[in-house]
1. Kindly establish whether Ala399 is at pLDDT 90 or above and not assigned by TED's automatic domain parsing to the domain that holds Asp87.
2. Give the residue, chosen from Asp101, Asp159, that is loosely packed, with under 14 Cβ neighbours inside 10 Å, farther than 20 Å from Lys252 by Cβ and not assigned by TED's automatic domain parsing to the domain that holds Arg288.
3. In the stretch 372-389, how many residues are exposed (fewer than 14 other Cβ atoms within 10 Å of the Cβ) and in contact with a Ser or Thr (Cβ under 6 Å, 6 or more places away or on another chain)?
4. For the condition crowded, with 19+ Cβ neighbours inside 10 Å and not small (Gly, Ala, Ser), what is the one hit in Glu224, Glu201, Glu229?
5. I'd like to check which strands (runs of 3 or more DSSP E) are fully inside the stretch 102-180 and have at least 1 residues that are under 26 Å from Ile407 (Cβ atoms) and among the acidic types (Asp, Glu).
6. State the number of residues belonging to the stretch 162-185 that are of a type in the set (Gly, Ala, Ser) and surrounded by 15 or more Cβ atoms within 10 Å (Cβ to Cβ).
Amino acid sequence: MDRGYYDKNQGKGGKYPNDYDNHHHKKNKYPHNNDNDNDEGYEEDMINGFRVRRRKFKVQHVVGENTNQVALRSVVIFPVEVRKIMDVTAEVRDLQATPLDDKVIVEGLFHKQVAWVANVSAEVGDIAYLEDAVYDLPVDERFTTFVDLPGVTPDSVIDVDARVEFVDHTDIPDAATNGDEWQQTVILEVHVRATETMEVEVITDIVVPPGSGIKVVKDTITVEDVIGEAEKQVNIMANINLPAGVEAAKVKSADAEIRNITTEVLPNKVIVQGTLHKQVFYVDATTRQMFEFSIDEDFTTFVHLEGVDPRTDVTVNAVLEYVKFDLVTPTTATQSAIIKLVVRAVRTRKITVVTDVIGPGIDVVKEILKAEHVVADGKQQVAIENTNITFPRPARKVAKTDARVDINRSESKILPNKIVVSGSLHKQIFYVDVCTNGVFETSFDEPFTTFVDVKGAKPNMNVTYRKRVEHVDVTSQGPLPTVEDSCPPAVYVPENFRWKQTAIVEIKVKVTETRELNVVTDIIIDGKGKDLCPDDDFGKVRFHVIRQGDTLFKIAQQYGTTVDELMRLNPGINPNNLRVGQKIKVVCGIPGAKG
C-alpha cells in the first residue's frame with residue numbers, strides 16, 4: 001500500500017492647581033508613554049496632601065499541576081490475517097479539560113496508524129488485500145480520565161498536555177473468524193496545570209509631604225499581566241484534485257489535524273498561520289486495493305485582541321471541530337473544515353507595589369496578592385543526529401518529513417539554576433519506492449536529554465515548556481538503491497543503504513514561583529480614603545472583589561448601599577461564606593442607606 005505523502009503622557013505626578021482642595025478626591029489618568037511598567041496606565045489621587053498612584057492589572061497564579069498515567073486496553077480488528085505489525089504511529093488529539101472542585105476531567109482522542117503486513121490474499125468489503133502487501137489501519141479511540149488537583153475550581157483556567165508513553169499489540173489466538181483480532185495496550189501521560197486570573201487594583205507609589213515622618217514600604221515583583229483572550233472560528237472549504245495517477249472508487253476514511261501554528265503580533269491584532277494536514281484512505285478504482293494520499297492546506301487569519309503589540313507573548317490553542325471529505329469524481333473531491341482558535345496574550349512586567357504605610361494617623365486596607373513571580377526564562381537548541389536510518393523498502397528519495405517534539409515531564413527535572421529537559425523527536429518520513437515508484441511512510445522516535453540554564457531556578461518551582469522543530473533533513477549516506485540490486489528477483493538489504501537525519505530542536509522554558517504579598521489597596525489618612533463611589537457613579541451597578549475580612553455589611557457601608565440590596569443583586573450569595581477573589585455586584589449610593 002502507498003502510505004502517502006499527502007501550523008504618558010507619562011505621569012510625572014502632574015501639577016495640581018493651587019486652589020486644589022486636598023480634602024476632595026481628584027483623579028487623573030496617565031497613559032503609557034515609556035517602558036516603565038510602574039508608570040503604565042496608572043491613576044493618581046490626592047488624599048489629604050498625599051499623592052497616591054494606583055494601577056489595575058490582571059495576574060495569574062498556579063493553583064496546582066499534576067501528571068497522571070492513563071492505561072487504555074482494547075481489541076483491534078484487522079480485515080484479514082496479519083503476518084506482522086511493522087510500525088505504529090500514535091498521538092493524542094482534541095484534548096479538552098473541564099475543571100471541577102479539586103479535580104479536572106480530561107477528554108481526548110487517541111489516534112494511531114498501524115502499518116501491517118497481510119498474511120493472506122482476500123477481498124473484504126469490496127477491498128482487495130494481497131498477501132505480503134503492507135497496509136495502514138487507522139484507529140481512533142476516545143478516552144476520558146480525571147486528574148486530582150486540590151484547590152482547583154470550575155473557574156480555573158486549565159492547560160492540558162498529553163503524550164503517548166507506550167503502545168503494544170499482541171495477537172489473540174483462536175479469535176473470532178471475522179478478521180484478525182489483536183490486543184492493544186496503551187499508556188498515556190496526561191499533564192494538567194490549573195491557573196486562576198485575578199484583576200486587582202494596587203497602590204504602586206505614595207508621595208508623602210516632606211517631614212511628615214511617614215514611611216512607605218515597597219516590594220518588586222515580576223508578573224505575567226494577562227492582556228486578554230479571544231476566539232476565532234476559521235472555515236476552510238476547497239475543491240481538491242487528487243494526486244496525479246490516483247483514481248478512487250470511494251473514500252474509506254479521512255483523518256485531519258492542525259500543524260505548524262505560528263503567530264505574528266501587531267498592534268491590537270494577532271495574525272495566526274497554520275496547516276490543515278489530511279490523510280485520505282481510498283479504494284483504487286481499478287485494483288480495488290486500499291491506498292492513501294496526504295494533502296496539506298495552509299491557512300491564515302487574524303484575531304483582534306485589544307492591547308497586544310509586538311512585545312506581547314501569545315499562545316494559540318487550535319481545535320479541529322469538524323472536517324468532511326467527499327469524493328465528487330474519481331479524481332476530484334470537496335473538503336470542508338471548521339477550526340476554533342483560542343488566542344491568549346500576556347506580557348511580563350516588573351512592577352513595584354506598596355506593602356505597608358507606617359506613620360501617625362495612617363491606616364491601610366490590604367489584600368493578599370497571589371501571583372506567579374517570573375524568576376527567569378531560557379532556551380536551548382538541541383542538535384539530534386541519527387546516522388542509522390534504514391527503510392523497509394528501497395528508497396529513491398525522501399519526499400517529505402513531518403516532525404514534532406514531545407516533552408517527557410516525568411523525567412524532566414528542576415535543579416538549582418538549571419532545567420533538565422527529557423523529550424523525544426517523532427518523525428514521519430515519506431519516501432519514494434525504487435521498485436513501484438509509490439510513496440510509503442515510516443516513523444521514528446528519538447529520545448533526547450538536554451539542559452537549559454535558568455538563573456534562580458530551584459526545585460519545586462513551576463516550569464512552562466515550549467518547543468518547536470527548527471530544521472529537519474534526511475539524506476542518503478551513499479549510493480542509492482537501484483532496480484537491479486534491490487527489486488525482485490534481487491533481495492533488498494536495508495543495512496546496505498543507510499540514511500542520515502539531522503534535526504535542530506528549540507526548547508524554551510519559563511520558571512515561576514507562586515508568591516503571596518500583602519499589598520496596600522487603599523490608604524486612610526485621618527479617616528479619609530479613596531471615594532469608592534464618585535459623583536458620576538451614583539445609582540450605577542459596578543463590581544467589587546471580595547477581600548480578606550470583608551462582610552456584606554462592611555461592603556454596604558463602603559458603597560453607601562444596603563445588605564438587602566446586595567442580596568438582591570447577587571442571588572444565591574451566601575453571606576457566611578464569601579470567598580476571597582469572588583466578584584459581586586454592588587450599586588453606588590442608596591439615599592439614607594447605613595449598611
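The values are calculated or read from the model by the stated rules, or taken from the named source; none is laboratory data. It should be emphasised that the depicted structure is a prediction, and the values quoted were computed from it without experimental measurement. Glycine also receives a Cβ, built like all others from the backbone with ideal geometry; neighbour counts cover every protein chain displayed.
1. Values: at pLDDT 90 or above: no; not assigned by TED's automatic domain parsing to the domain that holds Asp87: yes.
Judged against the criteria, Ala399 is not a match.
2. The match here is Asp101.
3. 1
4. Values: Glu201 fails: crowded, with 19+ Cβ neighbours inside 10 Å; Glu229 fails: crowded, with 19+ Cβ neighbours inside 10 Å.
After ruling out the rest, the residue left standing is Glu224.
5. Result: 103-118, 134-148, 157-171.
6. Applying the first criterion (of a type in the set (Gly, Ala, Ser)) to the stretch 162-185 yields 162, 175-176, 179.
Then drop every residue that is not surrounded by 15 or more Cβ atoms within 10 Å (Cβ to Cβ), which leaves 162, 179.
Adding up the residues that qualify gives 2.
Table: residues versus (1) of a type outside the set (Phe, Trp, Tyr); (2) at pLDDT 95 or above; (3) in the same structural domain as Ile47 (by TED's automatic domain parsing).
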| position | (1), (2), (3) |
| --- | --- |
| Val452 | yes, yes, no |
| Asn462 | yes, no, no |
| Arg466 | yes, no, no |
| Glu470 | yes, no, no |
| Pro479 | yes, no, no |
| Ser486 | yes, no, no |
| Glu495 | yes, no, no |
| Asp537 | yes, no, no |
| Phe543 | no, no, no |
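Residues are listed down the side, and each one gets a yes or a no for (1) of a type in the set (A, V, I, L, M); (2) surrounded by 14 or more Cβ atoms within 10 Å (Cβ to Cβ); (3) over 30 Å from Gln582 (Cα atoms); (4) in contact with a Lys or Arg (Cβ under 7 Å, 6 or more places away or on another chain):
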position: Val106; (1), (2), (3), (4): yes, yes, no, no
position: Val114; (1), (2), (3), (4): yes, yes, yes, no
position: Asp140; (1), (2), (3), (4): no, no, yes, no
position: Thr153; (1), (2), (3), (4): no, yes, no, no
